[in-house]
């Protein structure tokens, strides 16, 4: 993490001075009424939020420093309920829906709120955040945190937010998912970058989700590059799967300057030569990437292909040579299809590299179908031949099922649009499905009849 830039710090301290000199604060200190505190909140929190959003977008490594500044007494606890919520969601969860590690920032913010003279008012905005934060934390962590607070009234309040129902993993998952939905539109993500192997295993899940979020939302990441380059050049981390994952993410998605490209290319190709398991780790990364929410497009492939030394004859070179053919010819071109077939037959059907190829081709299918309008169904009819060709090449049940689901979703949209059973559109669609979906093994004759059968409406009860 970084310390907060002076420009942001100075803007915050101007707000702090304005709070302390405001007539609203004077009234609140005299009357101690909740509605006056709400006036204070409405007057100053928008300004704080504006700075927060700029820090999150421009300098994400300074977000924790920004939030720690708000712990100063002069801010009167304003914006801390939001900060508490962000701290709850930043913690990475394990398969048991518990935090991987204790959340120190959550504790720091909660203790500040608990010891605030304005606690009785602020507590009305933090109940759900604390409940979820406690649910994802260990019993020992919660007990130690609560016992560190002197005020009995505050301790009782916090103890009441530890719910027995969250001992059940299903309830924890539901509670966290519902809570996170409230923050979907807010960029609160932050991450610690590891320097040691012991830290890498612990911190990388957070680094990965942080980067995925920023890359998915096409954010400007130049301020992160010193940290990312320091991490990839750290020889202590070389050879680790997480390090290979980071090399792949940077190489595929981040716009690099010439020096950064040179450094990354040297690191990438050096490890390809020296680590006999590097390509295994790389295709494991690629398979997880292709199955994630982060889109892998031609530009991403071409970026990494540009960094590769193609004189190294390994599976990575072979794979990206094939990708170069697909990108230049198009995946529906005969030469590309033949190249895929030759490549695919070199490896075991269930190998990771062939799994990556199937996922990559399916990505083309998915993008095509999702962008196809119902008026363009004749184009779909033609392209269905390509789907069949690739299904025959891959001979993979999972791939076939995913293609089926994709096609069925589109056909149901067509049936919903074209309802005139005597119309040419409806008849064309029905004839196509009856012939092709049967041949492709998508549907049985009985299922096809059911698909096009008119659903009778129930008669209203007399």
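The values are calculated or read from the model by the stated rules, or taken from the named source; none is laboratory data. Keep in mind the model is a prediction, meaning the values are calculated, not measured. Note that each Cβ is placed from the backbone with ideal geometry, even for glycine, and that neighbours are counted across all protein chains shown.
Taking residue 369 as the residue in question, decide whether it is in contact with a helix residue (DSSP H, G or I) (Cβ under 6 Å, 6 or more places away or on another chain), under 23 Å from residue 287 (Cα atoms) and not in a helix (DSSP H, G or I).
no
Do any helices (runs of 4 or more DSSP H) lying entirely in the stretch 12-92 carry at least 1 residues that are within 35 Å of the chain's Cα centre (by Cα) and over 23 Å from residue 192 (Cα atoms), and which ones are they?
Those helices (runs of 4 or more DSSP H) span 34-58.
Go through the stretch 247-268 residue by residue and tally those that are buried (at least 18 other Cβ atoms within 10 Å of the Cβ) and not in a loop (DSSP other than H, G, I, E, B).
Of the residues in the stretch 247-268, 10 are buried (at least 18 other Cβ atoms within 10 Å of the Cβ) and not in a loop (DSSP other than H, G, I, E, B).
Could you grab me the full set of residues in the stretch 299-323 that are touching a helix residue (DSSP H, G or I) at 6+ places or on another chain (Cβ under 6 Å) and under 21 Å from residue 365 (Cβ atoms)?
Answer for the stretch 299-323, where residues must be touching a helix residue (DSSP H, G or I) at 6+ places or on another chain (Cβ under 6 Å) and under 21 Å from residue 365 (Cβ atoms): 300, 301, 320, 322, 323.
Looking at the structure I just gave you, is residue 128 part of a helix (DSSP H, G or I) and surrounded by fewer than 12 Cβ atoms within 10 Å (Cβ to Cβ)?
no
The conditions are (1) at pLDDT below 95; (2) surrounded by 12 or more Cβ atoms within 10 Å (Cβ to Cβ), and residue 356 fails exactly one of them. Which is it?
(1)
Is it fair to say residue 95 is part of a loop (DSSP other than H, G, I, E, B), free of Cβ contacts under 8 Å to residues at least 40 places away in the same chain and within 27 Å of residue 208 (Cα to Cα)?
Here the answer is yes, as residue 95 does meet what is asked.
Could you list, in sequence order, all residues of the stretch 194-218 that are in contact with a helix residue (DSSP H, G or I) (Cβ under 8 Å, 6 or more places away or on another chain), surrounded by fewer than 15 Cβ atoms within 10 Å (Cβ to Cβ) and either in contact (Cβ under 8 Å) with a residue 60 or more places away in the chain or in a loop (DSSP other than H, G, I, E, B) (or both)?
Listed by number, the residues that qualify are 195, 196.
Which one is surrounded by the most Cβ atoms within 10 Å (Cβ to Cβ), of the residues in the stretch 222-246 that are more than 19 Å from residue 265 (Cβ to Cβ) and free of Cβ contacts under 8 Å to residues at least 60 places away in the same chain?
By that ranking, first place goes to 242.
Looking only at the stretch 344-366, which residues are part of a helix (DSSP H, G or I) and closer than 15 Å to residue 389 by Cα?
344, 357, 358, 361, 362, 364, 365
Quick check, is residue 174 within 17 Å of residue 91 (Cα to Cα) and modelled with pLDDT of 95 or more?
Criteria met by residue 174.
Mind telling me which of the residues 29, 9, 4, 70 ends up being touching a helix residue (DSSP H, G or I) at 6+ places or on another chain (Cβ under 7 Å) and either over 19 Å from residue 188 (Cβ atoms) or surrounded by fewer than 13 Cβ atoms within 10 Å (Cβ to Cβ) (or both)?
9
Before we move on, is residue 418 surrounded by 15 or more Cβ atoms within 10 Å (Cβ to Cβ) and over 24 Å from residue 296 (Cα atoms)?
Yes; evaluated as a whole, the condition is true for this residue.
Residues checked against (1) surrounded by 15 or more Cβ atoms within 10 Å (Cβ to Cβ); (2) in contact with a strand residue (DSSP E or B) (Cβ under 7 Å, 6 or more places away or on another chain); (3) within 21 Å of residue 331 (Cβ to Cβ):
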residue: 370; (1), (2), (3): no, no, yes
residue: 375; (1), (2), (3): no, no, no
residue: 387; (1), (2), (3): yes, no, yes
residue: 401; (1), (2), (3): no, no, yes
residue: 410; (1), (2), (3): yes, no, yes
residue: 422; (1), (2), (3): no, no, no
residue: 435; (1), (2), (3): no, no, no
residue: 439; (1), (2), (3): no, no, no
residue: 450; (1), (2), (3): no, no, no
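Would you call residue 426 touching a residue at least 40 places away in the same chain (Cβ under 8 Å), buried (at least 17 other Cβ atoms within 10 Å of the Cβ) and either more than 21 Å from residue 391 (Cα to Cα) or in contact with a strand residue (DSSP E or B) (Cβ under 7 Å, 6 or more places away or on another chain) (or both)?
So residue 426 does not fit the description; no.
Going by the structure shown, is residue 383 under 30 Å from residue 324 (Cα atoms), part of a helix (DSSP H, G or I) and touching a helix residue (DSSP H, G or I) at 6+ places or on another chain (Cβ under 8 Å)?
yes
With the structure loaded, tell me whether residue 173 is surrounded by fewer than 13 Cβ atoms within 10 Å (Cβ to Cβ) and either closer than 26 Å to residue 142 by Cβ or more than 18 Å from the chain's Cα centre (by Cα) (or both) or whether it fails that test.
In short, no.
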